[in-house]
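Trainee: The structure is given below, and queries will be raised subsequently.
Coordinate-derived values only; no laboratory data. Since the model is a prediction, treat every value here as computed from it, not as a measurement. Cβ placement follows ideal geometry from the backbone for every residue including glycine, while neighbour counts extend to all protein chains displayed.
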Amino acid sequence: MNAEAPRPYQICTRCIMDTSDPEITFDEKGECNHCRRVTEQIVGKRWFPHDGRAKLDAIVAQIKRDGAHKDYDCLIGLSGGVDSSYLAYVVVRELGLRPLAVHVDAGWNSEIAVHNIEQIVRKLDIDLYTEVVDWEEVQDLQRAYFRAGVANQDVPQDHVFFAVLYELTIRKDIGYFLTGGNFATESILPSAWGYNASDATNLNAIHRAFGERPLATYKRMSFFKNYVLNTYVHKLQRIRPLDYLPYERDTAIAFIERELGWKNYGDKHHESRWTRWFQAHYLPTKFGFDKRRAHLASMVVAGELTREEALKRMTEPLYDPQQLKVDEDFVIKKLGISENEFRSIMAAPPRHYSEFANDEWIFNVTRKVRNFLGLRRR
């Protein structure tokens, strides 16, 4: 069989997504499917940047009624990043809610992230619950993912983060989990660049293939627990307040620096040292995916950046060479592998998540049913 010819390079004429997304398509105007999806399926349906405040106020009123006699009326995740830090301010100072802030320490926090969390909790006078995940288990799972050579290297952190949040929400009978996720910076994210972090079947398969110790205490979410028990039995509601507000990331950064003493750590999600290395080096080097492109494209579609400004930002170096060496040495030591193994894994061909057992089919069926019935999380 002849190898498929390389696809000619093309970039969207509206945003800056390009053929580094192998599944991207373009219309006759040169606009990509991501832009069309935002315009046709998200704005005004799941994202209300200019007319969502009344909708948000109604949601907040219900949260306050349901939590009136409880210690906390909602729960928020706090990573020390831009979105969760700004969300904390909005939730407390603008919406008047009484949140319990939750941080899951999976062993990769930067010093800046720790500083930001401490500042936010102190200045907003909110309680903080911190769950420290067993490092030897996280290390083993993270090492398994690295050896697997798949794109979605953040799953070991992301999966346990949401598993802890949902479990705590149920245990404390709170009912509402507010997240800093937002379409202003995340409306565009190619599915080909990663995979569903909540798929415990895929996680367990990768760990069985490459793990070396049992995950005795590492919390997981099965499909049944996440999509049936949490949603329909415990009736947990996951809400994204920033999708109801005119949220702009650069403006938010300046605001929380001034109001909360927040410190900037660089690009999106770089509050974790692992995520910084994974997004700024592993993905571009091994897969040719530069996540900055998706985030900047989202900001272009949101009107926060011009296309020209986004393209200019894409010319900035992904990594300072000295910092890359420091971070590589840190990752090698943290994972507990030799430099030779590290180099060998980085040089090996990339692998696709579908090479390991997964529940993608049931996620797809569930998504189609929910879409048909209009059952979307806020």
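Trainee: Scan around Cys74 for amide H atoms under 5 Å from its own, H built in the peptide plane at 1.01 Å from N, and keep only partners 5 or more places away or cross-chain.
Mentor: Arg98, Leu100
Trainee: Let me know the charge dipole size of the chain about its Cα centre in debye, to the nearest 20, where only the beta-carbon of Lys, Arg (+1) and Asp, Glu (-1) is charged.
Mentor: 980 debye
Trainee: Let me ask something else about it. Give me a comma-separated list of calculated 3J(HN,Hα) values for region 226-241, in order, Karplus coefficients 6.51, -1.76, 1.60 applied at θ = phi - 60°, integers in Hz, x for any Gly or Pro.
Mentor: 6, 9, 10, 4, 4, 7, 9, 8, 7, 6, 5, 10, 9, 10, 10, x
Trainee: Something else: Most exposed first by the Cβ proxy, i.e. fewest other Cβ within 10 Å, how do Met346, Met221, Met17 rank?
Mentor: Taking fewest neighbouring Cβ atoms as first place, the list is Met346, Met221, Met17.
Trainee: Around Tyr129, which amide H atoms from residues at least 5 apart in sequence, or from another chain, sit under 5 Å from its own amide H, with H modelled in the peptide plane?
Mentor: Correct list: Ala101, Val102, His103.
Trainee: Also: Tell me, what is the percent relative contact order of the chain, built from C-alpha pairs under 8 Å that lie six or more residues apart?
Mentor: For the chain, the relative contact order is 23 percent.
Trainee: Would you kindly derive the ³J(HN,Hα) couplings of region 86-95 from the backbone phi angles with the Karplus curve 6.51 cos²θ - 1.76 cosθ + 1.60 (θ = phi - 60°), listing them in order in whole Hz, with x for Gly and Pro?
Mentor: So the J values, rounded to whole Hz, are 5, 4, 4, 4, 4, 4, 7, 7, 9, 9.
Trainee: Mind sorting Leu87, Leu335 by how few other Cβ atoms lie within 10 Å of their own Cβ, fewest first?
Mentor: Starting with the residue having the fewest Cβ neighbours, the order is Leu335, Leu87.
Trainee: Going Cα to Cα from Lys235, which aspartates and glutamates come in below 14 Å? Please leave out same-chain ones fewer than 8 positions away.
Mentor: Asp66, Glu167, Asp173
Trainee: So what's the gap between the Cα centers of region 107-141 and region 81-104, to the nearest angstrom?
Mentor: 15 Å
Trainee: Right, another one. Over the chain, what is the percentage of antiparallel beta bridges among all DSSP beta bridges, to the nearest 5?
Mentor: Beta bridges within the chain, antiparallel portion: roughly 15 percent.
Trainee: Next question. Given H placed on each backbone N at 1.01 Å, which residues far from Val150 in sequence or on other chains put an amide H within less than 5 Å of it?
Mentor: Arg351
Trainee: Still on this model: Could you give me the percent of Cα pairs per 20 Å distance bin for the chain, shortest bin first, beginning at zero and ending with the bin that holds the maximum distance?
Mentor: Percent of pairs per bin, in order: 26, 62, 12, 0.
Trainee: Something else about it: Using only C-alpha positions, report the orientation-averaged shadow area of the convex hull of region 96-143, nm², one decimal.
Mentor: The directionally averaged projection comes out at 3.9 nm².
Trainee: Starting with the fewest neighbours, write out Ser79, Ser222, Ser354, Ser298 ranked by other beta-carbon atoms found within 10 Å of each beta-carbon.
Mentor: Listing Ser79, Ser222, Ser354, Ser298 from fewest to most nearby Cβ atoms yields Ser354, Ser222, Ser79, Ser298.
Trainee: Output ³J(HN,Hα) for region 190-205: one whole-Hz value per residue in order, computed from phi by the Karplus curve 6.51 cos²θ - 1.76 cosθ + 1.60 with θ = phi - 60°, and x for Gly and Pro.
Mentor: So the J values, rounded to whole Hz, are x, 5, 6, 8, x, 7, 3, 6, 8, 7, 5, 4, 5, 4, 5, 5.
Trainee: Taking a cut-off of 23 Å between Cα atoms, list the lysines near Lys286, but don't count ones fewer than 8 places away on the same chain.
Mentor: Lys286 reaches Lys268, Lys325, Lys333, Lys334.
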